[in-house]
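Asks: Pasting a structure here, questions to come.
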Amino acid sequence: MSFKIVEQAPARLNRSELAVPGSQPQLFEKAAKSSADVIFLDLEDAVAPDDKVQARKNVIEALRDIDWGTKTMSVRINGLDTHFMYRDVVDVIEQGGERLDLIMIPKVGTPEDVYAVDMLVTQCEAAVGRKKRIGFEMIIETALGMQNVHAISAASKRNESLHFGVADYAASTKAKTTNIGGANPAYSILTDKDEKGGRDVHWGDMWHYAIARMVVAARANGLRPVDGPFGDFGDADGYKAAGGRANVLGCEGKWAIHPSQVALANEIFSPAEAEVKKAERIMEAMAQAQKEGKGAVSLDGRLIDLASIRQAEVLLAKARQISG
Ligand code: GLV
Ligand code: MG
């Protein structure tokens, strides 16, 4: 290992992150009763400009009055390029009480963006004598943010998670998409022709680079990488495929832009029982190997070594976190 110890963000389950527009208070109670790990009440893109002020009031009231159980609560503030953002921070912290856990910063472009919000949040917290420190979730959803993702990740002690905002990212990079977070058949490869001249088409994952880059930046700084929205909420299989890929690459969870996606995310990002059993067997086999002075052994015909222990430990820690 490196001599540098990577400090880890507070451990929170982040398998499903349910987006709830602040302008639609009729959805709040249902969201509170859902099985989402994290809820973010949105003041940004799901709220029309004319509704921003009322949405802020709704969110403040909801943080104070609704029983959100043990969920992690977040508010997505408006972008730093708008005149709504400072009052989002000031009013939500000054009037929203202690229930808020996180602030989600959209369209982060530079580490200075994070620094600026940190300064404002720090002043507001001090002014109201807040006991619980607010953490930051940052959406990486512009070319600038993706370019600076490593510096952004390290920009504040409040940082907890990075989120891939695929919709804005596509707009910013001018990527050609079909639906939010979905695949595009034009991003495909053709196999060589077989004897009969036939060939197959394999669709590629056009989001691979972005998600993989975000995962590295997040993990190198002890943050949770989280995959963003999947727009076609009638397509559970499409959601599972997108979430499954993000899970394989190391993400902790995925957004739900519709309540029906919460259960899907919880399932995708919870280790399956067979995986937990396998991890336990790896731990047992390696404990035995170490007793015998060996660094590597074979299990079910495959090599396992000290790195296998670390992988198994990660998986078992996640299973323990889920079972509480
Ligand atoms: C989320 O904010 C996105 O743009 O995908
Ligand atoms: Mg966005």
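The values are calculated or read from the model by the stated rules, or taken from the named source; none is laboratory data. Here the structure is a predicted model, which is why all the values come from computation and not from measurement. Methodologically, a virtual Cβ is constructed for each residue, glycine included, from the backbone with ideal geometry; neighbour enumeration extends over all protein chains shown.
Asks: Given Phe233, Phe269, which one is hydrophobic (A, V, I, L, M, F, W, C) and within 16 Å of ligand 1 (Cβ to nearest atom)?
Replies: Result: Phe233 is the single residue among Phe233, Phe269 that is hydrophobic (A, V, I, L, M, F, W, C) and within 16 Å of ligand 1 (Cβ to nearest atom).
Asks: If Met119 satisfies every condition in (1) in contact with a helix residue (DSSP H, G or I) (Cβ under 8 Å, 6 or more places away or on another chain); (2) away from ligand 1 (no atom under 16 Å from the Cβ); (3) aliphatic (A, V, I, L, M) but one, which is the exception?
Replies: For Met119, the failing item is (1).
Asks: Continuing with this model, one more query. For the range 154-172, what are the residues that are away from ligand 2 (no atom under 16 Å from the Cβ) and under 13 Å from the mean Cα position of the chain (by Cα)?
Replies: Within the range 154-172, Asn159, Glu160 meet the criteria.
Asks: Can you find even one residue in the range 51-72 that is outside any helix (DSSP H, G or I), within 15 Å of ligand 2 (Cβ to nearest atom) and of a type in the set (A, V, I, L, M)?
Replies: no
Asks: On the basis of being under 20 Å from Asn148 (Cα atoms) and either basic (Lys, Arg) or touching a Ser or Thr at 6+ places or on another chain (Cβ under 9 Å) (or both), does Ala220 make the cut?
Replies: Answer is yes for this residue.
Asks: Show me the helices (runs of 4 or more DSSP H) found entirely inside the range 94-179 where at least 2 residues are modelled with pLDDT of 95 or more and within 21 Å of Met73 (Cβ to Cβ). Steps first, answer last, please.
Replies: Details: elements: 111-128, 143-147, 149-153, 166-173.
In the range 94-179, 111-128 are the helices (runs of 4 or more DSSP H) which contain 2 or more residues that are modelled with pLDDT of 95 or more and within 21 Å of Met73 (Cβ to Cβ).
Asks: Scanning the range 67-85 for residues that are of a type in the set (Val, Ile, Thr) and surrounded by fewer than 18 Cβ atoms within 10 Å (Cβ to Cβ), which turns out nearest to the chain's Cα centre (by Cα)?
Replies: Thr70
Asks: Looking only at the range 82-91, decide whether some residue is closer than 30 Å to Ala319 by Cβ and of a type in the set (Ser, Thr, Tyr). Give the derivation first.
Replies: Just the residues of the range 82-91 that are closer than 30 Å to Ala319 by Cβ, to begin with: none.
No, the range 82-91 has no match at all.
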